[in-house]
Amino acid sequence: MKNLILKSVLYIGLILLALEGLVRVLHLYTEDPPRFIDEKLVEKRVPGHQGYAVTGNRNQNFSEFRINSFGFNSANEFNPSKEDFEIALIGDSFIEGFHQDYDDSTGEKIENLLQGVSVYEYGYAGYDLANQMHLINAYAQQFALIDKIVIYLNFESDLGRAEYQPNYGRINMLNSMVFKIRDNIKLLAYGSKIGILEPLKRLVQGGEVNKNENEQPVPRENSDNNEDHIRLTNFKSLINLYGFDKTKTSILFDSRKTSNEFIEFCNSEGIDLIDFSNAFQRSKKPTTLIYDHHWNNNGRTLIASQIAEHFKNSIN
């Protein structure tokens, strides 16, 4: 019996070791550059990391990222000046763009359409409007030099609070020993990516359910009017608290997933809107990835075209 147990432990260990090697060789695991909260209470990535983000259980999407010196995934360093024309693109994982090579990002596509323009991508998975407004306010001197600011707003998920508070709990959790072990044992990282470790993750998080970035937004016809009103109230509170420069700031959004009340308010206040819904509806090709709702290359090309067309006259 003792020999059977010892052999079983040995064989299981060898199998796990072989699987670990296989996951590493085939690069089935995704890399998640570490996060931190800087001295201005802005949550972002630790600068200097470069690697590959992998989605799907068979490398369905394999893309390279590069975290610049400011802490965001971008081919550019952020050095705005009065002489040059720069556009800041701010948002969550859709703007962070880990589903696309960093040198073929939405910002890079805009630069290809608008010669002589630099696009700075301040994208971070999990950002909501409170994060974005705090970022602009915290680095006011930097954004004062940028000519145009585009904020990507998902009405359903980005207006859940009326003021910003740094999420130290998430940072501490991601820097905990459990997550360090997961990141260093690639088999565990792969198992986490494909959902095998979901029950364990929830146990570690104390049953907390975080914002699911792959969850499809609720269709407008099924949305709660009271919730929409709360979102609009939060939007008003945020722009009153942090300010909103209407001369240079635009909101990028999808009107199919946004309340009419919000759109009417923005129009009445002279807030510039960039609605990409028609471009997506007209597209004969899919605009999102097949395994989640993040934009694919075609979607990013359409977004870039909408932004470039919107600012073409201003630049000229």
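The values are calculated or read from the model by the stated rules, or taken from the named source; none is laboratory data. Just so it is clear, the structure is predicted and the values come from calculations on it, not from any experiment. Virtual Cβ from ideal backbone geometry, glycine too; neighbours counted across all protein chains shown.
Per-structure values
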item: Search result, residues across the stretch 154-186 that are assigned to a loop (DSSP other than H, G, I, E, B) and polar (S, T, N, Q); result: N154, S157, Q165, N167, N175, S176
item: Members of the stretch 271-316 found to be among the aromatic types (F, W, Y) and buried (at least 17 other Cβ atoms within 10 Å of the Cβ), listed by number; result: F276, F280, W295, F311
item: Residue in the stretch 15-33 that is in contact with a strand residue (DSSP E or B) (Cβ under 9 Å, 6 or more places away or on another chain) and modelled with pLDDT of 90 or more present; result: yes
item: Tabulated pairs, the stretch 231-255, first of a type in the set (S, T, N, Q) and modelled with pLDDT of 95 or more, second surrounded by fewer than 16 Cβ atoms within 10 Å (Cβ to Cβ) and assigned to a helix (DSSP H, G or I), C-beta under 8 angstrom, 6+ apart or interchain; result: S255/S277
item: Residues located in the stretch 105-123, provided they are crowded, with 23+ Cβ neighbours inside 10 Å and either modelled with pLDDT under 95 or not acidic (D, E) (or both); result: S105, T106, G107, I110, V119, Y120, Y122, G123
item: Checking Q141 against (1) surrounded by fewer than 18 Cβ atoms within 10 Å (Cβ to Cβ); (2) over 14 Å from the mean Cα position of the chain (by Cα); (3) of a type outside the set (A, V, I, L, M, F, W, C); (4) not in a helix (DSSP H, G or I), the condition it does not meet; result: (4)
item: Residue match in the stretch 41-54 (condition: among the small types (G, A, S), farther than 29 Å from N184 by Cα and at pLDDT below 95); result: no
item: Residue tally, condition touching a strand residue (DSSP E or B) at 6+ places or on another chain (Cβ under 9 Å), small (G, A, S) and in a helix (DSSP H, G or I), over the stretch 101-137; result: 1
item: Selection from the stretch 241-300 of residues that are assigned to a helix (DSSP H, G or I), among the polar types (S, T, N, Q) and more than 20 Å from S157 (Cα to Cα); result: N267, S268, N278, Q281, N297, N298
item: So M177, is it over 17 Å from the mean Cα position of the chain (by Cα) and not β-branched (V, I, T); result: yes
item: Which listed residue is crowded, with 19+ Cβ neighbours inside 10 Å and assigned to a loop (DSSP other than H, G, I, E, B), from F94, F98, F65; result: F98
item: Hits in the stretch 83-116 (condition: touching a residue at least 60 places away in the same chain (Cβ under 8 Å) and acidic (D, E)); result: E86, D92, D104
